[in-house]
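Here's the structure, in structure tokens; my notes come after.
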Amino acid sequence: MTVEEKRVDIEKPGGHHCFACGTDNPIGLNLKFYALGDAVCSEITLEKYHEGWQDVAHGGIISTLLDEVMSWAIMYSKKTFLVTRKMGIRYLRNVLIGTPLTVTGRIVDDTKPPKVKAKAEIRDDEGRLLVRGSGEFVMLPEERLSTVPRSFKEEMFSLFERYGQPD
């Protein structure tokens with residue numbers, strides 16, 4: 001195993017209600033993330049209440065997984081707040097309820113700040129590619145965070161410091 005392949009668990013803020021990663025949202029996904037080389041990953045098995053068609057995950061839940069892992073890939077690497085500007089999704093195979101999934105995101109272009117482009121994919125437990133996504137995100141400087149509570153900003157900036165130097 002090389003240094004790039006070492007799994008590093010990513011600390012996230014506790015107590016928030018984000019549907020995708022919040023720890024205090026009783027109906028949320030409570031995603032946990034880890035870095036693996038230049039990627040950020042999350043593992044999840046979707047349940048019956050994430051269903052669209054019978055035994056198939058709802059497309060909105062799938063897009064949430066892709067959006068969140070791309071966002072965390074950028075936050076972890078760039079140590080910054082951001083928003084999603086646009087996303088594209090290609091559904092290749094059904095994402096079945098009850099199947100262990102790995103969601104992987106990575107930065108593909110950060111040469112035009114504050115814009116950052118990322119890509120993501122979802123694979124099943126047999127490694128089959130199920131869904132691909134791409135997104136464009138905008139990094140936000142602190143002065144653009146006036147609606148974010150001060151305590152949350154401080155918690156996130158503290159986490160960013162623990163993540164290390166920005167790439």
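Every read-out reported here was derived from the displayed coordinates using simple, explicitly stated rules and does not represent laboratory data. It should be emphasised that the depicted structure is a prediction, and the values quoted were computed from it without experimental measurement. Note: ideal-geometry Cβ built from the backbone for every residue, glycine included; neighbour counts use all protein chains shown.
Odds and ends about this structure:
- Exclusive hit being over 23 Å from GLY37 (Cα atoms) and not aromatic (Phe, Trp, Tyr), set GLU142, GLU161, GLU136: GLU142
- Every pair of residues 6+ apart whose Cβ atoms lie under 9 Å, when the first sits in segment 18-35 and is in contact (Cβ under 8 Å) with a residue 12 or more places away in the chain and basic (Lys, Arg) while the second is part of a loop (DSSP other than H, G, I, E, B) and surrounded by 14 or more Cβ atoms within 10 Å (Cβ to Cβ): LYS32/LYS12; LYS32/CYS21
- When residues of segment 38-50 are limited to those that are over 16 Å from SER71 (Cα atoms) and in contact (Cβ under 8 Å) with a residue 24 or more places away in the chain, the one surrounded by the fewest Cβ atoms within 10 Å (Cβ to Cβ): LYS48
- Looking only at segment 130-153, and only at residues there that are polar (S, T, N, Q) and exposed (fewer than 14 other Cβ atoms within 10 Å of the Cβ), the one that is nearest to LEU66 (Cα to Cα): THR147
- Filter result for the condition that a residue is touching an Asp or Glu at 6+ places or on another chain (Cβ under 6 Å) and among the polar types (S, T, N, Q), over THR111, THR80, THR104: THR104
- Filter pass, THR84 being closer than 20 Å to GLU5 by Cβ and surrounded by fewer than 20 Cβ atoms within 10 Å (Cβ to Cβ): no
- The listed residues are LYS112, LYS79, LYS86, and the only one of them that is under 30 Å from PRO141 (Cα atoms), of a type in the set (D, E, K, R), out of contact with any Ser or Thr (no Cβ under 8 Å at 6 or more places or on another chain) and without any contact (Cβ under 8 Å) to a residue 12 or more places away in the chain turns out to be LYS112.
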